[in-house]
Each structure stands twice: as structure tokens, then as C-alpha cells.
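Below is one structure, written out as C-alpha cells, with a few remarks after it.
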Amino acid sequence: MIKLLFIAIGGAIGTLLRYFVSGIDYKFSNGIFPISTLVVNATGSLIIGFLWGLFERVDVSATARMFVFMGILGGFTTFSTFGLESFNLFRDGERGIALANILVTNILGIAFVFIGFAASRLLLNMVK
């Protein structure tokens, strides 16, 4: 039961973080390109890659891992929103923007997982 509580608290933290980032769209893109979803997914990918690499070498409890990965990052990243925004762009005839959104989000997300993982390895090697 305590694990579920930690996941729920982490999810609330991640969701609030996502809420604060969501205002980026209207400041920089006037809502044309879903930049806040891109920022959240790319940042979440970078963080999950970094922490995964770190947690492979640093002893972290299963509960702490669930708090971070399922809770905070699960609440923070927005893949379902990404899917809906892409669908709406296609539906509204914005095929170029929809394809750019899909390509940039996926390529950057995967690249950031690799970069985060490599950064954690570099950090760990520097600390030795």
C-alpha cells in the first residue's frame, strides 16, 4: 500500500510540473505548434535516461524507483496528449506540422534517453 501512495504522490508532483510547463505554447508559438508537449516529452526522456543509467550503478530502492519513474515521470510526460495533438493537427489539415511534431518528438525523445544515460555514466565515472 505504501508503494501506491508514493506513486500517487509522485504522479501529483509530475502532473503539477507538467501544468507549469504547459504555458510555454502560448508564450512562444501562439498555440500553433505543441511546444510544451515536446518540451515535456523531451525533458522527461532526458531525465529517464539519466536516472536509468544512474540507478543501474547506484543502489536505489524499488519504492524510490517507482516514485520517480511511474509517479513523477509518469505524471510529467504527456504521450497521450502528444497523440491527441497530432491527431487534431491532421484532422485540421495541418499535415506538415503534425508530421514535424511526430518526427521531432520521437527522434528527440529517443536521442535524449541516450544522452541522459550517457550523461549519468560520465558523471559516475567522474565521481569515482
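What is the percent carbon and sulfur in the accessible area of the chain, measuring with a 1.4 Å probe over the protein chains and ignoring ligands? Summing carbon and sulfur atoms, their accessible area is 74 percent of the total for the chain. Accessible surface for the chain, divided over its residues, is 62 Å² per residue with a 1.4 Å probe. Comparing T81, T43, T15 in a Gaussian network model of the chain (Cα springs below 10 Å), the most mobile by mean-square fluctuation is T81. When the chain is treated as a Gaussian network with alpha carbon springs shorter than 10 Å, the biggest mean-square fluctuation among F33, F82, F55 belongs to F55.
Where only DSSP H runs of four or more residues are counted, the chain gives -26000 deg cm²/dmol as its mean residue ellipticity at 222 nm, each run worth -39500 (n - 2.57). The C-alpha atoms of the chain define a longest principal axis, and helix 79-91 lies at about 10 degrees to it. Values (1) 17.4, 49; (2) 16.3, 54; (3) 23.5, 80 are given for comparison; Rg and Dmax of the Cα atoms in Å, derived from the coordinates here, is the one labelled (2).
In the frame of its principal axes, the range 71-118 has Cα extents of 38, 22, 7 Å, reported largest first. Other residues whose C-beta falls under 14 angstrom from the C-beta of L54 contribute a net charge of +2, scoring Lys and Arg +1 and Asp and Glu -1. For the options L84, L17, L73, a Gaussian network treatment of the chain with springs between C-alpha atoms closer than 10 Å singles out L84 as fluctuating the most.
The values are calculated or read from the model by the stated rules, or taken from the named source; none is laboratory data. Bear in mind the structure is a predicted one, so any value in this text is a computation, not a measurement. Note that each Cβ is placed from the backbone with ideal geometry, even for glycine, and that neighbours are counted across all protein chains shown. Note: accessible area is taken over every heavy atom of the protein model, side chains too, but ligands, DNA and RNA are not part of it. Shrake-Rupley method; radii C 1.70, N 1.55, O 1.52, S 1.80 Å.
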